[in-house]
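Notes to accompany the following structure.
The values are calculated or read from the model by the stated rules, or taken from the named source; none is laboratory data. For clarity, every value in this text was computed on a predicted model and none was experimentally measured. Glycine also receives a Cβ, built like all others from the backbone with ideal geometry; neighbour counts cover every protein chain displayed.
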């Protein structure tokens, strides 16, 4: 430390000799806004810098004119790099907030901030999962996300199973997912959230209901952004985990960066496999010939294995005159998933049904700051194939017995006719984000996003399956414009924004007589919103945000299925008024830390898309209105580095606001929408019972997940004694982790669902019981 | 909130295909339609049918909103008050067909809800589930033997050439005793398959009227200007009909969504109805009039001397549904205006159906008085209770039970339906 200060002093001295200079000054604070003493602030690739005083302030008196990257470091905090533009006679003032780094934390931290976009200072309702401290544990991304208040994830099985994430009551395709700001729409099943081991992820940002314009997509209920970047550093992160159900999860994530030459090469990869052969209890066995019920048995799943793999290669340059960063990325990903049963029905048992996915993506990235203008752009082209393979002529039951069908029986396991359907998507997606900073107070952001999908379907087994036989295309454009006013002294930040959505499709459908008709649905909508943050004191802050958000219909909702689901070119977007209000109180001294936060949310959603049948046909229409009102509270208590307790609880009341159903009064008008968890929460306790020295550490974690029982069907309807329920979940996990050499070597053990509770996220669909897992990881940088 | 796909009549396979796609695309999960009853305990012991203690009437109520959940409810009277599922009834996990056989009510699921349960009244008169079985493709056509001990239920694959699998289900045990696969009729050269519209047992024969449809699954009626009936031996139903009879005086028998394309009278005569209208799903529409054909008791051919041209008759029009009510009379729905677009008779945009009593023997039609014009998409077989017939009548703004006095052809408004419709009334 003293050495560092001495060196800095020396650099300082040298710095005096440079011509054309202006001062950079500001403060460095921690997550809670408390000043940080002794943090170093250094212009990257130079010897010019300063050290903060007791009030967190610093001043670099003579910074050369031009664009710089300012690197701010402090022991125990993650280094932060901030672009600055120094102009003659114009003193630059900055407020830099540092996040606690891996070494300082016992457990993942949920903090209301995003390093990249400095969202902490903004009014968005955002939760950020810093994975630095948990990447070496045996948690997957879904498990991490479940610890965010307001988030609930319902899984239909083990590794690779279907899941439905809900965020403040909205779910499914109403939530959009991003990797490094790139929308993951139509990237295929190998690149969904649950495939990524946490080792590949630096940070997960969860935007609740109100989404900043930099994430260019039609997110009705919020967005989740995964960040993977480790800019400008060389590192290697290798991990391997093995667990129950023959589960293997491996990842290699490494980068070579040459700071001198300004180029880098990066590899990210994962491999996942699980047999998912967990015990199913009391499943009904039906005889194969006639379908009669023979009783129930307990049996291991036997056709549910899942494998996925991905490799991403990235090569590029950084800190060049013409670009702060520019790179080319290539991604290839594959997966194969066997299904034991459909995601919603255990009465039908599969022995052959499977899906396969392959995704190939190419992307170029560019970013550059020209004085006050910051530009970031990417362009992506992808080819995604998803196959649904229902070609087995065998018929299975839960006992594992099977028979072969008669030769003239065309039935598949799920479908009426055996089928091998390939859906080929070409995705083309690009985005340009520009930020212009007028002065210390105001900045303007503009995002232009274009997303095009071309889909073709081909069934190589069933010639009568005409799903997407004629190619269909859909074009989405999202334009976002935002202005940020920020007054550090007054603790106020206001970001009003506008979003424009444009949708254009070309839909070809085959009529009864085999004729092809093409229609070109199009619509335009304008959404808007604002996020306001007010820090009354470093300890107490308020946030509120609002957005009128849209979700543009999915391809299949507009296009239909080529036969029974008729196209509806007139289908409009779903829309929602999303409102958040949050209060946070954060205090700490040397020993104790307390961070309490509560948020209220309100979602008034209209024109939900629902299937409307007509005879054997039907179409998707805008039919339902739903309101979601709720509150979430989170409390974090910390004693030194020895003990950390974090809890959160979410209560939401989601009601049907559709007054009429096909002209008749909706009997469920204003009733609680069933089959959605309404009360759920988490508790995590982390303790460090053994710490032989500064570099080695043993940690113990206990985690509890609670989901209150909820009804499958409207609460007030039906005989209360005979109602179908999804029972209460009270699942506890236990983990032990030993870290050596400041995280270079890690050994982690986990027991999930310690008490082997029968758990259901969805009605009658069992989730795995108790499981064990061991993980080894190596990290060097 | 997640997207909901309510299963509705006729939408089995397509959604499965879509589901299969969405399964892996992960864009929409349909666990709302999780098709299983929590009570999955099998009952291997055949239970004797207890005599119903309750004199009430059981009905299948479809609610409004969301996914239109259905409930099996018992009420002592349907003549006044409100029929509601508020706090009562056995909830169903999705769209159901309801078909009574004696004292057993079968509720059969749809699409991936591939389960059929049997319900009856216990000693206390409460409705209880007495068994269940699963099937492959949806069971979409139903009938019963004359002794009311066996449910006949048929899987009807929608696309391509495949067996229509006829299930014989013991009404006491709710166990399938055998399955016979038959094509009924098919012509691979011209791509034609059969869509049955009734399973009518008469003595030692089973009569299966059918539509001829394009095998590609478009529901295109390729021979709309004739009536067709396949005749099988019963109970030893073969894989091929013993013969197929046709009649060019009217169109294909029956309509999609009704199980009563052909009915049997007390005397053993059989009558069938033909519609032929575009708005009832005929594509193309028939050039033949909507009418009623007859097969005399003991015979296996159409009675050439009998044809009741409903369109030419007083109070007539195109028949959309009928069912037998005793005394050689049928209760029926007639489209007072059949000019609507394809399948629109199944929707809730046009309310042009009237209720009539047809004297099958004397060939007269009498409008049922006091019943408004309405819409109807699906009906279970009707319940005739002491000369009264209960029907659910849905207009643009209301759904009510009407009690029809068959003899006088008058209707009286009964209980108000708190929901979309009552799909069937049963006495268990």
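Only one of the numbered conditions (1) at pLDDT 90 or above; (2) within 14 Å of another protein chain (Cβ to nearest Cβ) is violated by residue A:428, and that is (2). Filtered by the rule that a residue be away from every other protein chain (no Cβ under 14 Å) and closer than 18 Å to residue A:159 by Cα, region A:758-781 gives A:759, A:768, A:769, A:770, A:771, A:772, A:773, A:774, A:775. Here are some residues: B:273, B:320. Which one is part of a strand (DSSP E or B) and in contact with a helix residue (DSSP H, G or I) (Cβ under 6 Å, 6 or more places away or on another chain)? None of the others qualify; the one that does is B:320. If you check A:329, A:310 for being outside the structural domain of residue A:163 (by TED's automatic domain parsing), farther than 30 Å from residue A:404 by Cα and buried (at least 21 other Cβ atoms within 10 Å of the Cβ), only one passes: A:310. If you go through region B:97-114 and pick out every residue that is part of a loop (DSSP other than H, G, I, E, B) and either away from chain A (no Cβ under 13 Å) or on the phi > 0 side of the Ramachandran plot (or both), you end up with 3. Entry remark, region A:368-383: residues being part of a strand (DSSP E or B) and over 21 Å from residue A:424 (Cβ atoms) number 9 in total. Here A:423, A:415, A:464 are screened, and the one residue that is buried (at least 16 other Cβ atoms within 10 Å of the Cβ), closer than 27 Å to residue A:220 by Cβ, within 14 Å of chain B (Cβ to nearest Cβ) and modelled with pLDDT under 95 is A:423.
Within region A:391-411, if we keep just the residues that are more than 9 Å from chain B (Cβ to nearest Cβ) and free of Cβ contacts under 8 Å to residues at least 60 places away in the same chain, the residue that is farthest from the chain's Cα centre (by Cα) turns out to be A:407. Residue count for region B:341-371 satisfying the condition of being within 14 Å of another protein chain (Cβ to nearest Cβ), in contact with a strand residue (DSSP E or B) (Cβ under 7 Å, 6 or more places away or on another chain) and either assigned to a loop (DSSP other than H, G, I, E, B) or surrounded by fewer than 19 Cβ atoms within 10 Å (Cβ to Cβ) (or both): 5.
Determine, yes or no, whether residue A:482 is touching a strand residue (DSSP E or B) at 6+ places or on another chain (Cβ under 8 Å) and buried (at least 21 other Cβ atoms within 10 Å of the Cβ). For residue A:482, the condition - touching a strand residue (DSSP E or B) at 6+ places or on another chain (Cβ under 8 Å) and buried (at least 21 other Cβ atoms within 10 Å of the Cβ) - is met. Residues that are facing chain A (nearest Cβ under 9 Å) and not in a loop (DSSP other than H, G, I, E, B) within region B:74-92 comprise B:86, B:90, B:91, listed in sequence order. In summary, strands (runs of 3 or more DSSP E) completely within region A:683-765 and bearing 2 or more residues that are in the same structural domain as residue A:240 (by TED's automatic domain parsing) and under 23 Å from residue A:248 (Cβ atoms) occur at A:697-707, A:729-740, A:745-752.
If you filter region A:41-66 down to residues that are at pLDDT below 75 and within 36 Å of the chain's Cα centre (by Cα), you find that the one that is surrounded by the most Cβ atoms within 10 Å (Cβ to Cβ) is A:44. When the test is whether a residue is free of Cβ contacts under 8 Å to residues at least 24 places away in the same chain and exposed (fewer than 15 other Cβ atoms within 10 Å of the Cβ), residue A:669 does not pass it. Based on what the data block shows, is residue A:304 farther than 20 Å from residue A:237 by Cα, away from every other protein chain (no Cβ under 14 Å) and either under 31 Å from the mean Cα position of the chain (by Cα) or surrounded by fewer than 21 Cβ atoms within 10 Å (Cβ to Cβ) (or both)? It is false that residue A:304 is farther than 20 Å from residue A:237 by Cα, away from every other protein chain (no Cβ under 14 Å) and either under 31 Å from the mean Cα position of the chain (by Cα) or surrounded by fewer than 21 Cβ atoms within 10 Å (Cβ to Cβ) (or both).
Just wondering, is there one or more residues in region A:212-234 that are out of contact with any helix residue (DSSP H, G or I) (no Cβ under 6 Å at 6 or more places or on another chain), assigned to a strand (DSSP E or B), surrounded by fewer than 19 Cβ atoms within 10 Å (Cβ to Cβ) and modelled with pLDDT under 95? No, because not a single residue in region A:212-234 is out of contact with any helix residue (DSSP H, G or I) (no Cβ under 6 Å at 6 or more places or on another chain), assigned to a strand (DSSP E or B), surrounded by fewer than 19 Cβ atoms within 10 Å (Cβ to Cβ) and modelled with pLDDT under 95.
Give me the residue from region A:573-620 that is touching a strand residue (DSSP E or B) at 6+ places or on another chain (Cβ under 7 Å) and in a loop (DSSP other than H, G, I, E, B) and, out of that set, nearest to the other protein chains (Cβ to nearest Cβ). This residue is A:573.
Number of residues in region B:251-288 that are touching a strand residue (DSSP E or B) at 6+ places or on another chain (Cβ under 8 Å) and closer than 27 Å to residue B:146 by Cα: the value is 22. Here B:291, B:316 are screened, and the one residue that is modelled with pLDDT of 95 or more, more than 15 Å from residue B:374 (Cα to Cα) and either out of contact with any strand residue (DSSP E or B) (no Cβ under 9 Å at 6 or more places or on another chain) or surrounded by fewer than 20 Cβ atoms within 10 Å (Cβ to Cβ) (or both) is B:316.
Which residues, counting only those in region A:94-153, are in a loop (DSSP other than H, G, I, E, B) and modelled with pLDDT under 60? Selection gives A:105, A:106, A:107, A:108, A:112, A:113, A:114, A:115, A:116, A:117, A:118. The number of residues in region A:642-662 being more than 14 Å from chain B (Cβ to nearest Cβ), crowded, with 17+ Cβ neighbours inside 10 Å and outside any strand (DSSP E or B) comes to 0.
Residue by residue, here is whether (1) closer than 30 Å to residue A:772 by Cβ; (2) more than 12 Å from the chain's Cα centre (by Cα) holds:
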{"residue": "A:134", "(1), (2)": "yes, yes"}
{"residue": "A:142", "(1), (2)": "yes, no"}
{"residue": "A:146", "(1), (2)": "yes, no"}
{"residue": "A:167", "(1), (2)": "no, no"}
{"residue": "A:175", "(1), (2)": "no, no"}
{"residue": "A:191", "(1), (2)": "yes, no"}
{"residue": "A:196", "(1), (2)": "yes, no"}
{"residue": "A:201", "(1), (2)": "yes, no"}
{"residue": "A:206", "(1), (2)": "yes, no"}
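When you check residue B:245 against the structure, is it outside any loop (DSSP other than H, G, I, E, B), more than 14 Å from chain A (Cβ to nearest Cβ) and surrounded by fewer than 23 Cβ atoms within 10 Å (Cβ to Cβ), yes or no? Yes: the conditions hold for residue B:245. Pairing residues of region A:730-758 that are farther than 16 Å from residue A:780 by Cα with residues that are assigned to a helix (DSSP H, G or I), at Cβ distances under 9 Å and at least 6 apart in sequence or on separate chains, gives A:733/A:143; A:752/A:143.
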